[in-house]
Amino acid sequence: MQTPQNIGGVLMEIKSFGVIGAGQMGSGIAQVAAASGLQVVMSDINSDCTARGVGIIEKNLQRSVDKGKLTDAERQAILGRIKTTTKLADLAEVDYVVEAAVEMEELKFGIFRELDTVCPPGVILATNTSSIPIGRIGAQTGRPEKVIGMHFMNPVPVMKLVEVIRGLRTSDETFSITWELCHRFGKTPAEANDFPGFIANRILMPMINEAIFCLYQGVGKAEDIDTVMKLGMNHPMGPLALADLIGLDTCLAIMETLYDGFKDSKYRPCPLLRKYVEAGWLGRKNGRGFYQY
Ligand code: CAA
């Protein structure tokens, strides 16, 4: 890949980083950005949400201190680099923004329209979307060349991958800066083009959905389905436990995006997944999914 001449310079100028959303993904992204030395502004709709996000980060960092992987001074320094806000306008000062709000198209569109008015024209607006087209998000702004997918994996502090997704109008410079930023965060980027589900969820979600079909049709119990994939295929978690970790509402939203995008019945969401989401069983985050927590 050709790296434009000024990337090193531009990257060095990135000193502050905005994160929209303080949930499990947003807080994880804020943590890795602050750990890399950036000043972080993490925003969410109310102070309960931002406090919960900071709580997740504090817990993660404390675990690292307890294991001797981080000193207490380093933990304090990382936390000291994270500010929170409930106003998107406070992101006017940051050099790079990543949005990690919930996976709802209209909500993300609104955020990008507002960011476009708040952030100076040179600032890159990345999205952690797991499946919404980057081109469609970029078209909400007057700077589609500066809109890109920066898709982290859950749990963000642990998982090495970031999927970097180019929209049709994303510039090479935006791509290169984002690519380098992933390295600065200690992650390994992989490049994907803008098709529904990109690479990660195009492959992962149909597998999870098929595991849910196995449960739905009585092929096996949840524990047995997960044991087959863990011990038979060496996956670190079974697909149903992983669905609970990701969030069943997120899994359903991604399957809907694949189904809508390709109009192919192989991507139809399993009715059992829909039933769980409608009943409010969303996985680990609210204590009940395919397992009880
Ligand atoms: N947050 C931060 N750190 C965490 C964590 C969390 N939620 N969960 C575990 N960890 C850390 C632990 O502290 C531990 O750290 P050390 O190595 O420093 O001790 C390390 O991860 C390993 O944890 P454990 O020993 O407790 O447990 P494990 O070995 O079973 O690993 C796991 C846990 C990392 C979650 C592992 O089971 C795994 O890799 N699972 C698969 C995860 C996966 O596939 N993620 C991708 C989901 S798809 C996605 O995110 C994209 C999308 O769009 C849906």
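The values are calculated or read from the model by the stated rules, or taken from the named source; none is laboratory data. None of these values were measured; they are calculated from a predicted model. Ideal geometry is used to build each Cβ from the backbone, glycine not excepted, and the neighbour counts take in all protein chains shown. Surface areas here come from the heavy atoms of the whole protein model, side chains and all, with no ligands, DNA or RNA. Shrake-Rupley method; radii C 1.70, N 1.55, O 1.52, S 1.80 Å.
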- Using the Cβ atoms and a cut-off under 15 Å, what net charge is assigned to the surroundings of Met205, where Lys and Arg are +1 and Asp and Glu are -1? -4
- Length gained if Met159 through Met207 is fully extended, taking 0.36 nm per residue and subtracting the Cα-Cα distance, is 15.4 nm
- Query: Under unit Cβ charges (Lys, Arg +1; Asp, Glu -1), what dipole magnitude, rounded to 20 debye, does the chain have relative to its Cα centre?
  - Reply: 480
- Task: Any chance you could look up the accessible area of Ile203 with a 1.4 Å probe, heavy atoms only, rounded to 10 Å²?
- Result: 120
- Note on the structure: With -39,500 (n - 2.57) per DSSP H segment of 4 or more residues and division by the full residue count of the chain, the 222 nm estimate, nearest 500 deg cm²/dmol, is -15000 deg cm²/dmol
- Which of the trypsin sites (Lys or Arg not before Pro) found in the stretch 90-180 are loop residues per DSSP with 12 or fewer other Cβ atoms within 10 Å of their Cβ? Lys160
- Once you sort the root eigenvalues of the Cα gyration tensor of the stretch 55-162 as a ≥ b ≥ c, which label holds: rounded (a/c under 1.5), prolate (a/b larger than b/c) or oblate (the other case)? prolate
- Message: Quick query: amide H of Lys83 versus all other amide H atoms, modeled in the peptide plane; which residues come in under 5 Å with a sequence gap of 5 or more or a different chain?
- Response: Val40, Val41, Met42
- Item | Gyration tensor (alpha-carbon) shape descriptor, the stretch 1-134, a/c threshold 1.5 | oblate
- Query: From the backbone phi of the stretch 281-293, what are the Karplus-calculated ³J(HN,Hα) couplings (6.51 cos²θ - 1.76 cosθ + 1.60, θ = phi - 60°) in whole Hz, Gly and Pro given as x?
  - Reply: 8, 10, x, 4, 5, 10, x, 8, x, 6, 10, 9, 10
- Dipole size in debye (nearest 20) for the stretch 61-220 around its Cα centre, Lys and Arg Cβ +1, Asp and Glu Cβ -1? 340
- Of all DSSP beta bridges in the chain, what percent run antiparallel (nearest 5)? 20
- Where does each of Trp281, Trp179 land when they are ordered by accessible area, with a 1.4 Å probe and the largest first? Trp281, Trp179
- Simple SL model, points at 7 angstrom along Cα→Cβ for Val219 and Glu145; separation in nm is 4.8
- Task: Kindly write out, for the stretch 167-175 in residue order, the coupling ³J(HN,Hα) from the Karplus curve 6.51 cos²θ - 1.76 cosθ + 1.60 (θ = phi - 60°), rounded to whole Hz, with x marking Gly and Pro.
- Result: x, 4, 9, 5, 7, 4, 5, 4, 4
- Percent antiparallel among DSSP beta bridges confined to the stretch 70-173, rounded to 5, stands at 35
- For Asp95, enumerate residues with amide H under 5 Å from its amide H, sequence gap 5+ or separate chain, H modeled in the peptide plane. Lys15, Ser16, Phe17, Gly18
- Item | trypsin sites (Lys or Arg not before Pro) restricted to DSSP loop in the stretch 40-103 with at most 12 other C-beta within 10 Å | Lys67, Lys69, Lys87
- Item | Projected label distance in nm at Arg52 and Lys230, using a 7 Å step from Cα toward the beta-carbon | 2.7
- Message: Running a GNM on the chain with Cα contacts under 10 Å, which residue among Ala190, Ala77, Ala241 ends up with the highest mean-square fluctuation?
- Response: Ala77
- Note on the structure: The answer for the net charge of residues other than Leu38 whose Cβ lies under 10 angstrom from its Cβ, with Lys and Arg +1 and Asp and Glu -1, is +2
- Roll a 1.4 angstrom probe over the protein heavy atoms and tell me the percent of accessible area of the chain that is carbon or sulfur. 54
- Summed side-chain charge close to Phe175 - residues other than Phe175 whose Cβ falls under 13 Å, Lys, Arg +1, Asp, Glu -1: -4
- Assuming R0 = 30 Å, what is the FRET efficiency of Val65 and Leu107, from their Cβ-Cβ distance, to the nearest 0.05? 0.25
- Taking only C-alpha pairs under 8 Å that are 6+ residues apart, what is the relative contact order of the chain in percent? 14
